[in-house]
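Heads up: the structure comes next, in structure tokens.
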Amino acid sequence: MFTTDHNNHAGTVTTPGVVIPFYVYAALSFLWAVFLLCISPAGRYDHYFSPHTLAITHAMALGWGTMIILGASHQLVPVLAEGKLYSHRLAYLTFILAGVGIPLLVYAFYTFNMGVPAKAGAILINSAVLLFLVNVICSRPAAKNENVHVVFVITATCWLFMTTFAGLLLVYNFTHPLLRENSLHYLPLHAHMGIVGWFLLLITGVGSRLIPMFLVSKYTNIKQLWWIYALMNGGLTGFVLLFLYVRRPVLYFLPVACLLAAIVIFICYCYGCYRERIRRQVDGQVKISLLSVLMMIIPLVLLAAAIGFLLTTTENTALVLIYGFSVFFGWLTAIILGMTFKTLPFIVWNKLYHVQAGAGKTPSPKDLFSSRLFNLMALSYLLGFLLFVAGVFAANGGVVRAGAVLLLLCAFLYNLNIFRVTFYKPGWR
Amino acid sequence: MNVKTNHSIQCTVALALLQEVIDPELGLNVVDLGLIYELNFYEEEKKLDVLMTLSTRFCPMGQSIQDSVKTQLENNFPGYTVNVQLTFDPPWSYERISMEGRNFLNA
């Protein structure tokens, strides 16, 4: 009746030493990016192509979003693929290359020096992404049925590489004209390959596995996930082709419709998981993650409005800026804030307590972080996000500044909790 | 709770002990979670074989849960060699959660 697993072990879990540095780096990047947001003059939030905005965007997209996702992926890919991580050495190299490359690139944008710092930063980041791609592809077990979650992760990583490679070309294009148009022209292409291809695709792929797991839900619907995959990739590929070869703004509504359909299906999927959950109580970390799924709608509405402006008048730069803000400081930050405390405490707990397994009472992983700090962080985040968006809409510098300060408080509290978990010592309470 | 055994009395004792081994995420014990498939006692050889599963293969907490089961039984069945074997055939499903387990998660 039962067949034993001939490996007879619970799987080779990725060494915590590989994963934790990514989390710490991302936390510090978040604090740094929000600090830059606070010290930038409020009046500068009128165009997205300004040195400060580019620096903040890249600190958020690469230092915060990408680094934490890379770290979590080294832990989660083996879980999703039911295999083990191909190489710890590649993971360390990915961390070092990206860890050096990101500050170089952000510094280059902040000072708008597109010379050596920008080029070196972009090359290092591309090398890191390439190594990560190799590690993910090789971690995928051979001769198995295709796992939808792993397909999401691999495809998203391919889009990430295309994004960073396009970024490298754009950096070089500043000093050596390689492309037909100037770098600003290609910015929407670079940005959307990253936002949709990397962040959205990866987060839906991984979230569709983690959300039912954390809710203890019986709900499963692989067909829905394949639809989401097809709509997101189809929409993004369509956008790239339209942008490069057609350039008729009215047609951009087609990829937006595809993405909207994909997000609506994903919301239905998450709702299905929520409705059929066995565990009644939903903790704060999962609540904020579910909220982030709903928040995916905001940038899409703003994007549709921005395209509408393109059709009628000219580009509405403030709207485009809020669109970018609602991606990086909106759903992306919200899901990271939630999921961090559903993953990192477990990784640290495993490191500290797995040798004491069954030998007596141990704290639970959720005891490793402070729920009070988490709740305060969530509150300051939501208020900060709303105030900042309202301030930019109303062109009110004081409200923008108040939003930025609340986001700084959120980043500070997040860092406090991250360091509390990372340096947790048995016996602390 | 559907656990196969060759010794029902010893099995009851072992299952009571294993109710102290908790899944760290859910806070629910491995017995009510339905992770234990078989418990077989070989008194002459002083051997105890456990056949169990995990909610997912390569579960990050899997090794810790497996070690906890082994330590708990070794500490309470002195002299016995405890052999914990994993299986994913059949895979674990939510239907394996006991009524007590469902009540706990519903609370």
*For region B:4-104, rounded, prolate or oblate, judged on the Cα gyration tensor with a ≥ b ≥ c (square roots of eigenvalues), a/c < 1.5 rounded, else prolate if a/b > b/c?*
prolate
*asked:* Apply the Karplus curve 6.51 cos²θ - 1.76 cosθ + 1.60, θ = phi - 60°, to the phi angles in region B:36-50 and return the couplings in whole Hz, x for Gly and Pro.
replied: 8, 9, 9, 9, 10, 10, 10, 5, 5, 8, 6, 10, 10, 9, 10
*Among the aspartates and glutamates, which have Cα under 14 Å from the Cα of residue B:47 when same-chain residues fewer than 8 positions away are ignored?*
B:38, B:74
*So which aspartates and glutamates can residue A:351 reach, going by Cα to Cα under 12 Å and dropping same-chain residues fewer than 8 places off?*
none
*If we count every other residue with Cβ under 15 angstrom of residue A:220's Cβ, Lys/Arg +1 and Asp/Glu -1, where does the sum land?*
+3
*asked:* Run the numbers for residue A:112 and residue A:412: contour at 0.36 nm per residue of separation, minus the present Cα-Cα distance, in nm.
replied: 105.3 nm
*Listed here are the pairs A:119/A:287; A:84/A:119; A:84/A:366; A:366/B:70; A:425/B:70; A:218/B:4; which of them are more than 29 Å apart at the Cα?*
A:119/A:287; A:84/A:119
*Mind listing the long-range amide H neighbours of residue B:47? Cut-off is under 5 Å, sequence gap 5 or more, other chains count too, H placed in the peptide plane at 1.01 Å from N.*
B:42, B:81
*For residue A:247 and residue A:223 in one chain, what is 0.36 nm times their gap in residues minus the Cα-Cα distance, to one decimal in nm?*
5.3 nm
*For region B:4-104, give the share of DSSP beta bridges that are antiparallel, in percent and rounded to the nearest 5; count only bridges with both residues there.*
45
*Starting from region A:19-114, pick out the chymotrypsin sites (Phe, Trp or Tyr not before Pro) whose DSSP state is loop and whose Cβ has at most 15 other Cβ atoms within 10 Å.*
A:49, A:112
_Testing the spin-label approximation: label points 7 Å from Cα along Cα→Cβ at residue A:271 and residue A:254. State their distance in nm._
2.9
*What length, rounded to one decimal in nm, is gained on full extension from residue A:38 through to residue A:280, with 0.36 nm per residue of separation minus their alpha-carbon distance?*
83.1 nm
*Calculate, for residue A:175 and residue A:317, the FRET efficiency according to 1/(1 + (r/R0)^6) with r their C-beta to C-beta distance and R0 25 Å; round to the nearest 0.05.*
0.50
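Read-outs throughout are calculated quantities, based only on the coordinates presented, and are distinct from any laboratory measurement. All values reported here derive from a predicted model rather than from experimental measurement. Positions of Cβ are generated from backbone atoms using ideal geometry, with glycine treated the same way; all protein chains shown enter the neighbour counts.
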